[in-house]
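In what follows, a structure is listed as structure tokens, so that the remarks can point back to it.
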Amino acid sequence: MGKKSTKANKNIYQTSREEAGFTREKASEVIGFISPDRIERIESEKSEPQPDEILAMEKCYSKTGLCNYYCSHECPIGQKYIPEVHIKELSQITLEMLASLNSIENDKNRWIEITVDGQISDDEIPDFISIQDKLQKISLAVDSLQLWMQDMIAKGNINQEKLEEYRQKNK
């Protein structure tokens, strides 16, 4: 049986493993290709994790969002292009999505005026940026909904087989 960590500043990989109830040895055994020593080096930030290791940890620990965290915080490409997405309650996601959609509805005609000529003039930049920010909020709400669904699937609250069966049938 592994020792319980008393380290105060644990990173997300260590807290995820501990929340899942795994020792480093047990996590290594379940994952199959990451040694306990490698897990320790990742958790103590002596080594950078690799994408395949993060994918395996997310699955092993049933920690939805671990990949998003890695991409948005540690991957140089992800840091530039991937926003951090937080798991939220479905009601909060829904309200944020509806508020964003309502907000953008008012800007639809202005968006058309700005983009019809394929150019963004200096006087159009403020409105363009404002609309772009609202679209980004919609995108984040969609990403949040995706993360919520992954979390519900991981917890067994959504039947993944039925979901995939429905998706295949309705392509």
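The values are calculated or read from the model by the stated rules, or taken from the named source; none is laboratory data. Computed from a predicted model, the values in this text were never measured in an experiment. Cβ sites come from the backbone with ideal geometry, for glycine too, and all protein chains shown count toward neighbours. Remember, those area values only see protein heavy atoms, side chains included, never the ligands or the DNA or RNA. Shrake-Rupley method; radii C 1.70, N 1.55, O 1.52, S 1.80 Å.
A quick yes/no check of all residues on (1) in contact with a helix residue (DSSP H, G or I) (Cβ under 9 Å, 6 or more places away or on another chain); (2) surrounded by 15 or more Cβ atoms within 10 Å (Cβ to Cβ); (3) within 30 Å of Met152 (Cα to Cα):
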position: Lys88; (1), (2), (3): yes, yes, yes
position: Ile93; (1), (2), (3): yes, yes, yes
position: Asn106; (1), (2), (3): no, no, no
position: Asp122; (1), (2), (3): no, no, no
position: Asp127; (1), (2), (3): yes, yes, no
position: Ile138; (1), (2), (3): yes, yes, yes
Identify all residues within segment 24-44 that are at positive phi and of a type in the set (A, V, I, L, M, F, W, C); write none if there are none.
none
Checking the structure you have, find out if any residue of segment 58-65 is out of contact with any helix residue (DSSP H, G or I) (no Cβ under 6 Å at 6 or more places or on another chain), charged (D, E, K, R), open to solvent by less than 90 Å² (accessible area, probe 1.4 Å) and closer than 28 Å to Lys155 by Cα.
no
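Within segment 80-92, can one find any residue that is assigned to a helix (DSSP H, G or I) and under 14 Å from the mean Cα position of the chain (by Cα)?
Yes, segment 80-92 has at least one match.
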Within segment 44-64, the residues that are in a helix (DSSP H, G or I) and closer than 15 Å to Glu19 by Cβ are Met57, Glu58, Lys59, Cys60, Tyr61
Collect the residues in segment 24-43 that are touching a helix residue (DSSP H, G or I) at 6+ places or on another chain (Cβ under 8 Å), surrounded by 14 or more Cβ atoms within 10 Å (Cβ to Cβ) and either among the charged types (D, E, K, R) or not in a helix (DSSP H, G or I) (or both), keeping them in residue-number order.
Arg24, Ile34, Arg38, Glu40, Glu43
